[in-house]
1. Looking at segment A:76-113, which of its residues are in contact with a His (Cβ under 9 Å, 6 or more places away or on another chain), away from chain B (no Cβ under 14 Å), in a strand (DSSP E or B) and of a type outside the set (Ser, Thr, Tyr)?
2. B:GLN14 passes all but one of (1) in contact with a Pro (Cβ under 9 Å, 6 or more places away or on another chain); (2) under 23 Å from B:ASN97 (Cβ atoms); which number fails?
3. If a residue counts only when it is closer than 23 Å to A:GLY3 by Cβ and without any contact (Cβ under 8 Å) to a residue 24 or more places away in the chain, which strands (runs of 3 or more DSSP E) contained entirely in segment B:26-110 have at least 3 such residues?
4. Scanning segment B:30-47 for residues that are modelled with pLDDT under 95 and within 19 Å of B:MET5 (Cα to Cα), which turns out nearest to the other protein chains (Cβ to nearest Cβ)?
5. Filtering segment A:54-75 down to residues that are outside any loop (DSSP other than H, G, I, E, B) and within 14 Å of another protein chain (Cβ to nearest Cβ), which residue is nearest to A:ARG22 (Cα to Cα)?
6. Specify which of the listed residues (A:SER86, A:SER27, A:SER65) is surrounded by fewer than 20 Cβ atoms within 10 Å (Cβ to Cβ) and free of Cβ contacts under 8 Å to residues at least 24 places away in the same chain.
7. Assess whether B:SER107 counts as being within 9 Å of chain A (Cβ to nearest Cβ) and surrounded by fewer than 18 Cβ atoms within 10 Å (Cβ to Cβ).
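The values are calculated or read from the model by the stated rules, or taken from the named source; none is laboratory data. What you see is a predicted model; the values in this text were computed from it and never measured. Counting neighbours? That spans all protein chains shown, and the Cβs are built from the backbone with ideal geometry, glycine included.
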Amino acid sequence: DAGVTQSPTHLIKTRGQHVTLRCSPISGHKSVSWYQQVLGQGPQFIFQYYEKEERGRGNFPDRFSARQFPNYSSELNVNALLLGDSALYLCASSFELKDYEQYFGPGTRLTVT
Amino acid sequence: GQQVMQIPQYQHVQEGEDFTTYCNSSTTLSNIQWYKQRPGGHPVFLIQLVKSGEVKKQKRLTFQFGEAKKNSSLHITATQTTDVGTYFCAGRDYGQNFVFGPGTRLSVLP
């Protein structure tokens, strides 16, 4: 079975632009979480979606939004990009909502110039 | 809000030596997970601990959850070069989402 997939792998954007990152969970997994990982730090929780509904939100500004589709894939959108948004964006899927191991995708490396 | 700390930040060991990383939470946790991230890679799930005082072993790795469910440790016996990477703990507060610690970066000298 394929693991968690994310696209694109790398992305370079300019300040003020908008970006959409995509994630496909492992088949059968209903929960998708998004994390931001700045170089040298641990992943920071952004959102969790389960059965197409937002079930958790981290301490990120409203410029960050996400959604989950009927096939459980997910998109993370970031508006009005800032230099500080440069990071590795990780998607993690799990079978259920809570207390299940999270399987991470390879991430999308976003650079904002 | 909930804070998760890890020590040490870095650890350099000679191959064959033991290694331990400690994780401490500012709040009582419902459970804790451990992940390993190789350089340039993504976090990979290692284990989940749920019960107070729980100890789990995976070959050379031993994981412990404190009695108060506010701290945890990962011990690697006789490190190998394949153990190189950053080890993260992720603690979940009751009703909240997982909070990752800053990680302990392990380097193993052959």
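1. A:ASN77, A:VAL78, A:LEU110
2. Here B:GLN14 clears every test but (2).
3. B:44-49
4. Per the criteria, the residue is B:ASN31.
5. Among residues in segment A:54-75 that are outside any loop (DSSP other than H, G, I, E, B) and within 14 Å of another protein chain (Cβ to nearest Cβ), the one nearest to A:ARG22 (Cα to Cα) is A:ALA66.
6. After ruling out the rest, the residue left standing is A:SER65.
7. The answer is no for B:SER107.
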